[in-house]
1. With (1) within 21 Å of Y83 (Cβ to Cβ); (2) modelled with pLDDT of 95 or more as the list, and I225 as the residue in question, which single condition is left unmet?
2. Condition test on G134, is it modelled with pLDDT of 95 or more, within 13 Å of the ligand (Cβ to nearest atom) and within 27 Å of A68 (Cα to Cα)?
3. When you look at D164, is it touching a Leu at 6+ places or on another chain (Cβ under 7 Å) and either surrounded by fewer than 18 Cβ atoms within 10 Å (Cβ to Cβ) or in a loop (DSSP other than H, G, I, E, B) (or both), yes or no?
4. Consider T181 carefully, then state whether it is surrounded by 13 or more Cβ atoms within 10 Å (Cβ to Cβ) and farther than 30 Å from V50 by Cβ.
5. Taking the range 196-244 as the search range and keeping residues that are among the aliphatic types (A, V, I, L, M) and touching a residue at least 12 places away in the same chain (Cβ under 8 Å), which one is surrounded by the fewest Cβ atoms within 10 Å (Cβ to Cβ)?
6. Can you confirm whether S49 is at pLDDT below 95 and either out of contact with any Cys (no Cβ under 8 Å at 6 or more places or on another chain) or in a strand (DSSP E or B) (or both)?
7. Answer with yes or no whether E57 is closer than 30 Å to D227 by Cα, in contact with a helix residue (DSSP H, G or I) (Cβ under 9 Å, 6 or more places away or on another chain), more than 9 Å from the ligand (Cβ to nearest atom) and not in a helix (DSSP H, G or I).
Amino acid sequence: MVVARCLGWVLLVHQTLLVAVWDPSKLPPSPLDKSEFDYIVVGAGSAGSVVASRLSEDPNVTVLLLEAGEVDSQTEIHVPLAYVDLQLSPVDWAEQTVPQKHACGGLEGRRARWPRGKVLGGSSSINAMIYVRGNREDYDRWREMGAEGWSYREVLPYFKKSEDFRGRGDDEFHGTGGYLTVSQSTQFRTLAARSFVEGTKELGYEEVDNNGRSQLGVSFPQYTIKDGWRLSTARAFLHPVRGNRENLYVVTGKSVRSLSFAPGASPTVDGVRVVDTKDCANGEEKVVKARREVILTASTVGTTKILLLSGIGPKGHLEDVGIPVRADLPVGENLQDHIMVPVGYVAPRIPINETISLSEQHASESGRGTRVPGHWRRGRENRPRFRHHLLRRKSRPEAHEEHQRIAGGGTANVWRGSNG
Ligand SMILES: Cc1cc2nc3c(=O)[nH]c(=O)nc-3n(C[C@H](O)[C@H](O)[C@H](O)COP(=O)(O)OP(=O)(O)OC[C@H]3O[C@@H](n4cnc5c(N)ncnc54)[C@H](O)[C@@H]3O)c2cc1C
């Protein structure tokens with residue numbers, strides 16, 4: 001027990017140090033003063049962290065990665081079990097939809113909460129970590145519609161290159177040795193989950209690898225979790241290269257308000273207009289130029305907003321709100337989202353119903369905090385008690401102290417890392 005506790009602390013201190021070591025202020029000084037880069041990537045989320053990491057593999061180009069949120073130093077980001085606590089916290093944009101005509105009938109004002117990550121790693125730092133690739137037929141349809149290089153056959157090698165698969169599945173669809181660990185813990189499969197899978201099979205459905213040959217069937221999920229810790233794309237693709245890529249500049253706490261355009265009749269993007277996130281509405285803009293490309297990876301909502309504010313969008317709508325039109329395009333239309341219907345029930349026996357010490361739970365890969373609430377693809381059977389458990393943890397003074405130590409000195413200075 002003592003050994004486990006010590007080991008737990010060693011791992012936590014190690015993790016905290018990793019966070020502390022990557023302080024963007026230690027990157028090359030004042031990146032924004034440089035004011036010209038080959039590539040500017042906007043938004044360090046699921047997509048942006050990967051794109052910036054891959055582009056900067058070429059030492060001959062400079063890459064600036066701009067992120068509106070701060071460094072991913074909050075403990076709850078890294079402990080899988082704590083993920084539900086991240087919503088409505090400072091790492092969530094915490095937005096709401098407008099009232100819906102055809103959905104959200106059971107919600108107040110017919111509005112849904114729309115969580116999105118606002119931190120290094122973006123939504124991959126706050127999501128449920130279930131690793132699900134797009135459906136083969138979608139990729140193939142995009143290819144048929146003209147997107148060269150996007151058929152499933154063509155994207156599969158990149159999925160495999162990225163992956164370090166630690167589970168059991170259809171081998172020809174998985175890779176090993178890549179940056180992104182995909183794991184499949186069997187430690188916390190509840191009786192309910194196992195019964196569901198077995199019951200579904202009795203009804204004639206096949207148990208499948210949902211990132212393999214077919215996504216039709218029933219499966220236990222695969223997770224972007226490495227050795228018991230969340231593996232956001234920032235953790236997978238940026239942290240491992242920090243300090244050894246002189247050409248990669250990562251700046252947090254800065255928001256891109258709009259694109260900047262080269263003078264001339266046809267609009268050509270030549271950079272971005274950046275403000276401090278803290279002072280997004282009134283802050284002074286700085287223009288940073290891109291010699292080659294600006295890549296918008298600020299999420300479905302963030303990218304759309306940047307385009308609209310740059311005058312790229314439906315003419316009528318832009319005119320209504322007084323934005324000069326540069327290109328009349330259907331930006332922001334055809335947004336599709338999946339509605340989630342959680343089915344909750346009380347389980348007579350649950351594996352987690354007591355206060356967990358953050359220091360001991362990560363003593364091994366099978367620590368209780370490594371469990372994802374709703375471990376089973378279609379269930380979130382433990383969530384009510386889990387909430388209770390977290391509240392209880394936070395209400396204990398000694399646990400609060402422990403949390404402060406892990407998070408690097410308390411909630412007030414966790415959000416460091418703004419520079420430039
Ligand atoms: C609570 C939750 C649970 C989820 N669970 C799962 C799951 O289990 N499995 C799964 O496959 N998917 C899940 N998803 C969805 C998945 O996480 C997202 O689809 C994916 O992360 C989107 O990636 P992205 O790169 O498009 O955007 P994001 O990862 O959201 O990244 C966008 C980044 O851009 C930054 N940004 C925005 N505007 C600006 C600006 N103006 N200037 C600078 N930076 C800006 C944001 O702060 C953010 O960091 C979940 C999402 C949420 C919110």
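The values are calculated or read from the model by the stated rules, or taken from the named source; none is laboratory data. Everything numeric in this text was worked out from a predicted model, so none of it was measured. Because the Cβ atoms are built from the backbone with ideal geometry, glycine has one as well, and the counts that use them run over all protein chains shown.
1. Of the numbered conditions (1) within 21 Å of Y83 (Cβ to Cβ); (2) modelled with pLDDT of 95 or more, the odd one out for I225 is (2).
2. Against the criterion (modelled with pLDDT of 95 or more, within 13 Å of the ligand (Cβ to nearest atom) and within 27 Å of A68 (Cα to Cα)), G134 does not qualify.
3. yes
4. No.
5. Here the residue is V241.
6. no
7. Yes; evaluated as a whole, the condition is true for this residue.
The rows are residues; the columns are (1) at pLDDT 95 or above; (2) within 14 Å of the ligand (Cβ to nearest atom); (3) under 21 Å from the mean Cα position of the chain (by Cα); (4) of a type outside the set (K, R).
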site: I306; (1), (2), (3), (4): yes, yes, yes, yes
site: I339; (1), (2), (3), (4): no, yes, yes, yes
site: G344; (1), (2), (3), (4): no, no, no, yes
site: T355; (1), (2), (3), (4): no, no, no, yes
